[in-house]
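A.B. asks: Below you'll find the structure I mean.
The values are calculated or read from the model by the stated rules, or taken from the named source; none is laboratory data. Since this is a predicted model, take the numbers as computed values, not measurements. Reconstructed Cβ throughout: ideal geometry from the backbone, glycine too, with neighbour counts over all protein chains shown.
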Amino acid sequence: MKKFLLGSAALLALIGAANAADLPAPAPAPYVAPAVVQPPSWTGFYVGGGWGYGVWDMNSSVVPAGGVIQGTTNNGGRGWLGQAVAGYDYQFALWNFNLVAGAFADYDFGNMTGTSNFTAAPAGGGFTTLTGVEKEKSFWDVGARIGWLITPDILSYFSGGYSQAHFNGMNLQPIGGVALSTASHNFGGWFTGAGIETKIQSIPGLYFNTEYRFASYNSTTLPVVGSTFALKLQPSQQTVMSGIHYKFNWQ
């Protein structure tokens, strides 16, 4: 009986192997191409805000009624700033370089304050020192930038364009005299700068930006109310701003 059972098991095993050999081979698994990671695109509109610090210098000359400038002094101020910005960038390739060019406009506000001193010769003779507080309350820029992508996520760029700064009027107090004043004024000029911008990997659509700018403004002559002379003023300024940009068509 034992030999019969062993023989039956061997026969069944042979039959199973023969049937398995007749079965068709399993179909190969379909090929799935690996996912292609697209680099971020810098093309599109953006808005943002920022913060920073600025200093201004003011070349100031006293202009008597006769029109002969008595001398030039340099005064300055400094303070913290806030910024709102909007712009558009376009990414393109040129000579195997990935370049980004765009246009922007920003408005900057703060309280960059300094004390100004002038020396004037009044009609009665001698010299009088005039002192007043001078404030730059705001400025705005319209310009363009162009830069090179160091990596797909990091842009290094240069900027330039038109700038206009608003300075408050000054109340001048001559020593032993009557208070004098000047009117507020908007100074127009140009700016140039350089910066770097980085895509924030953990938050889609956000970019972190830091930029340095230098602005030079045209001179103007403002009458000093209550006197027979005027002040010829020409400001310049330097700012360092950092902020966040949100790009609408991020990838």
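A.B. asks: Say whether the condition of being buried (at least 18 other Cβ atoms within 10 Å of the Cβ), out of contact with any helix residue (DSSP H, G or I) (no Cβ under 7 Å at 6 or more places or on another chain), β-branched (Val, Ile, Thr) and modelled with pLDDT under 95 is met by at least one residue in the stretch 219-229.
C.D. replies: yes
A.B. asks: Could you list all residues from the stretch 21-74 that are among the β-branched types (Val, Ile, Thr) and modelled with pLDDT of 80 or more?
C.D. replies: Thr43, Val47, Val55, Val62, Val63, Thr73
A.B. asks: How about the stretch 154-207: which of its residues are among the aromatic types (Phe, Trp, Tyr) and surrounded by fewer than 19 Cβ atoms within 10 Å (Cβ to Cβ)?
C.D. replies: Answer for the stretch 154-207, where residues must be among the aromatic types (Phe, Trp, Tyr) and surrounded by fewer than 19 Cβ atoms within 10 Å (Cβ to Cβ): Phe158, Tyr162, Trp190.
A.B. asks: Let me ask you something else. Do you know which residues across the stretch 197-231 are in contact (Cβ under 8 Å) with a residue 40 or more places away in the chain, within 17 Å of Gln164 (Cα to Cα) and in a loop (DSSP other than H, G, I, E, B)?
C.D. replies: Ser219
A.B. asks: Kindly provide the set of residues from the stretch 91-127 that are loosely packed, with under 14 Cβ neighbours inside 10 Å, under 26 Å from Ile146 (Cβ atoms) and at pLDDT below 95, ordered by number.
C.D. replies: Passing the criteria: Phe92, Ala93, Leu94, Trp95, Asn96, Phe97.
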